[in-house]
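To start, the structure itself, in structure tokens.
The values are calculated or read from the model by the stated rules, or taken from the named source; none is laboratory data. A quick note: this is a predicted structure, and the numbers were derived from the prediction, not measured. All Cβ positions, even for glycine, are placed from backbone atoms using ideal geometry, and neighbour counts span all protein chains on display.
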Amino acid sequence: MSLLRRTAAVLTAMALTATTLLGAAAPASASTAAAGKKYAEQQARAFGVTVTWHADGKVPCGNGRQAGCFSGYTNRISLNAAIQKHPNRYIRYVVAHEAAHYHVVRTCGTMRPPIVGNRFEQVTDAYTHGVLGVPLPERNVGAYGYTKDDLARAKKIAAGTCAANQKAVAVKQAGHTFHGITSGSYKVPRGARLQVVSTDHPVYPRVRDAQGRVGRVQVAAWS
């Protein structure tokens, strides 16, 4: 495998991780664990994700006690079983926040597209509320909160914009490989239209094809 291909493969395989903070202990009126689990899984299906449950302290992010966690590029989210006894409003927020990370990855190939700067969790909260329509809990029970600028960025991502300098290109040379991030890989035909959604790598920028798949293609394909 050439150095360029090895570089693309490494960049494509890099892990992503994000979490939702665990809120305060559930009040006495909270749903039972069985009902909370069922509700969370129903919400997950509605947002296009699936759930893996973990015992408190065993969530595969941070110190293991986060309410939820998203890592990688698939539609699977990790949830802390402790949230099952929290009110449905809080459960729905946690599920939607982690699902929002997946939606951003599906659009941009990363949870941290250039447009979010250093506020990717706040922009994810903005996406959760402003795009998915899920109210946030109070800041002291786990939400990151967001500003109007974060909301503007979230809405741009939902519309397909991942970077301020995003541009469309047409492939001039056949035979280049689309190294899939959110899908499999394939050979890109001449004339294919791509959106360059991030120039985080000078040789293999992140691109999105006409079918909405995100991957990396060597810049020589269109330059």
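Things to note:
- Of the criteria (1) surrounded by fewer than 22 Cβ atoms within 10 Å (Cβ to Cβ); (2) within 14 Å of the chain's Cα centre (by Cα); (3) acidic (Asp, Glu), which one Asp125 fails: (1)
- Test for Val207: is it without any contact (Cβ under 8 Å) to a residue 40 or more places away in the chain and under 15 Å from Arg112 (Cα atoms): yes
Conditions tested, residue by residue: (1) more than 17 Å from Asp200 (Cα to Cα); (2) outside any helix (DSSP H, G or I); (3) of a type outside the set (A, V, I, L, M).
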position	(1), (2), (3)
Thr74	yes, yes, yes
Ile77	yes, yes, no
Ala82	yes, no, no
Ile91	yes, no, no
His101	yes, no, yes
Val104	no, no, no
Arg112	no, yes, yes
Gln122	yes, no, yes
Asp125	yes, no, yes
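- Taken over the stretch 178-204, the criterion of being in contact with a Leu (Cβ under 9 Å, 6 or more places away or on another chain) and without any contact (Cβ under 8 Å) to a residue 60 or more places away in the chain is satisfied by Phe178, Val188.
- Of all residues in the stretch 148-172, those being in contact with a helix residue (DSSP H, G or I) (Cβ under 8 Å, 6 or more places away or on another chain), basic (Lys, Arg) and surrounded by fewer than 16 Cβ atoms within 10 Å (Cβ to Cβ) number 2.
- Some residue of the stretch 178-185 being out of contact with any His (no Cβ under 6 Å at 6 or more places or on another chain), in the same structural domain as Cys69 (by TED's automatic domain parsing) and surrounded by 14 or more Cβ atoms within 10 Å (Cβ to Cβ): no
- Taken together, the criteria exclude Gly133 from residues that are in the same structural domain as Tyr93 (by TED's automatic domain parsing), small (Gly, Ala, Ser) and at pLDDT below 95.
- Arg119 being among the charged types (D, E, K, R), more than 30 Å from Gly184 (Cβ to Cβ) and surrounded by fewer than 19 Cβ atoms within 10 Å (Cβ to Cβ): yes
- Screening Gly175, Gly145 for residues that are in the same structural domain as Ile91 (by TED's automatic domain parsing), surrounded by fewer than 17 Cβ atoms within 10 Å (Cβ to Cβ) and free of Cβ contacts under 8 Å to residues at least 24 places away in the same chain leaves exactly one candidate, Gly145.
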